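Report on one structure; see the data block that follows.
Throughout, read-outs are computed from the coordinates displayed, never taken from laboratory work. Everything numeric here is computed off the predicted structure, so don't read it as measured data. Using ideal geometry, Cβ is built from the backbone for each residue, glycine included, and neighbour counts are taken over all protein chains shown.
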Amino acid sequence: MSGKSVLVVNPFASRVDERRIVAVARELAVDEVLRTQRPGHATELVQALRDVAAIYVFSGDGGFNEALNGSDGRVPLGFLPGGGTNVLPRALGLPRDPVRAAQMLAAARQRRISLGRVNGRRFGFSAGLGLDAELVRRVDSLGRTRSGRRAGDVRFVLTALRLLAERRVRFEPALEIEGHGRAAFALVANADPYSYAGPLPLRLARGARFEGGLDLVAPRSFHARDLPGAARYLLSGRTRIPLVLLHDQDRIVVRCDAPTPLQADGEDLGDVTEAVFEAERDAVTVLAP
């Protein structure tokens with residue numbers, strides 16, 4: 001393997017601009033900068049980069065997901081926060097500032113982590129069936145700015161509140177978790193936190209680890225009266241809401257009563273009637289502090 005390193009950039013990510021690209025490339029001393037041009041392009045670029053020392057991805061979570069789906073598992077991947085939420089690099093211990101993250105990655109160590117798969121699609125930190133996937137879809141439907149950037153945090157929160165209001169915060173059992181009974185929706189984690197709300201980590205699966213299997217959190221049902229319990233769960237990990245909780249699983253099968261939205265790492269994967277979640281242990285090498 002040569003000493004060449006490459007920076008793959010999504011120029012449409014919300015916190016990516018030419019000034020930051022130049023600064024990040026300088027800190028990492030990369031040999032080449034490649035820009036993605038369309039959805040799925042990062043997967044193609046990473047698949048083609050086999051004989052290199054490291055691949056750095058400057059993007060949002062969607063671009064990170066594409067890179068993971070193109071990785072051969074051997075070439076180390078470094079993730080630079082260029083999007084709005086940037087769950088993967090933050091969960092790996094990197095700061096939200098991309099230049100500072102580049103400085104840390106320049107001296108980072110290699111770490112082997114597991115990935116999840118849902119219906120064959122890899123994910124780095126989370127996948128969801130039902131509520132959160134529908135929210136992802138609604139945010140996507142808001143479209144992008146002329147520069148290609150997605151809706152920001154404020155519009156995301158407003159969309160979430162609108163969704164809950166439309167449903168009157170009433171989510172009845174709508175799927176079957178094989179071997180564990182009925183639930184309203186399912187959240188599957190490969191890491192803790194599951195996501196972030198601005199600076200706040202959303203710790204839905206506190207036992208999840210990058211080096212382990214998959215964790216699942218699935219409310220049996222969810223109503224307005226459960227909102228205080230949901231807040232308590234996020235803060236402390238304790239609640240009286242009836243939940244299906246699974247830890248360190250290799251395989252989780254969920255069957256839906258009707259076609260249901262599915263997301264992986266914040267990417268809409270369409271409607272499914274069955275979702276097979278699998279742990280791909282010791283899958284890739286990443287760079288982390």
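Taking only Cα atoms, what is the 0 to 90° angle, nearest 10, from helix 61-70's long axis to the longest principal axis of the chain?
Between the helix axis and the principal axis of the chain, the angle is about 70 degrees.
Tell me the mean residue ellipticity at 222 nm calculated for the chain from its helices only (DSSP H runs of n ≥ 4, each -39500 (n - 2.57), averaged over every residue, nearest 500).
Details: 8 runs with 77 residues, N = 289.
One gets -7500 deg cm²/dmol as the mean residue ellipticity at 222 nm.
Between residue 158 and residue 74, what length in nm is gained on full extension when 0.36 nm per residue of separation is reduced by their alpha carbon distance?
So the extension gain works out to 26.1 nm.
If you build a Gaussian network model of the chain, linking Cα atoms that sit under 10 Å apart, which residue out of 114, 141, 71 swings the most?
Sorting by GNM fluctuation, first place goes to 141.
Going highest first, how would you order 77-84, 272-279 by mean Cβ packing within 10 Å? Provide the component values of the computation, followed by the final result.
On the way: 77-84: 26.4, 272-279: 18.8.
Top to bottom by mean Cβ count within 10 Å: 77-84, 272-279.
How tilted is helix 131-141 with respect to the longest principal axis of the chain? Cα atoms for both, answer in degrees (0 to 90, nearest 10).
Between the helix axis and the principal axis of the chain, the angle is about 50 degrees.
Treat every Asp and Glu Cβ in the range 5-107 as -1 and every Lys and Arg Cβ as +1, leave all other atoms uncharged, and give the resulting dipole magnitude about the Cα centre to the nearest 20 debye.
Roughly 280 debye, rounded to the nearest 20.
Could you tell me the relative contact order of the range 121-280? Use alpha-carbon pairs under 8 Å, at least six residues apart, and round to a whole percent.
28 percent.
Using a Gaussian network model on the chain with a 10 Å cutoff between Cα atoms, which of 41, 247, 223 fluctuates the most?
Fluctuation is largest for 223.
Suppose every K and R has +1 on its Cβ and every D and E has -1 on its Cβ; what is the size of the dipole of the chain about the Cα centre, in Debye to the nearest 20?
Using Cβ point charges on Lys, Arg, Asp and Glu, the chain gives about 900 debye.
Applying a 10 Å radius around every beta-carbon, put 9-20, 169-180 in order of their mean neighbour count, most first. Before the final figure, lay out each step's value.
On the way: 9-20: 19.1, 169-180: 15.2.
The most tightly packed comes first, giving 9-20, 169-180.
Highest mean first, what order results for 120-128, 44-52 on Cβ atoms within 10 Å?
Output ranking for 120-128, 44-52: 120-128, 44-52.
Calculate how steeply helix 153-166 sits against the longest principal axis of the alpha-carbon atoms of the chain, using the helix alpha-carbon long axis, and give the answer as 0 to 90 degrees to the nearest 10.
20
How much net charge surrounds residue 117 when only the other residues with a Cβ under 10 Å from the Cβ of residue 117 are counted, with Lys and Arg +1 and Asp and Glu -1?
Residues close to residue 117 contribute a combined charge of +1.
Pull up the DSSP beta bridges for the chain and report the antiparallel fraction as a percent, rounded to 5.
Counting DSSP beta bridges with both partners in the chain, the antiparallel share is about 75 percent.
Which residue fluctuates the most in the chain, going by a Gaussian network model with Cα springs under 10 Å, if the choices are 142, 131, 204?
Most flexible of the set in this elastic network: 142.
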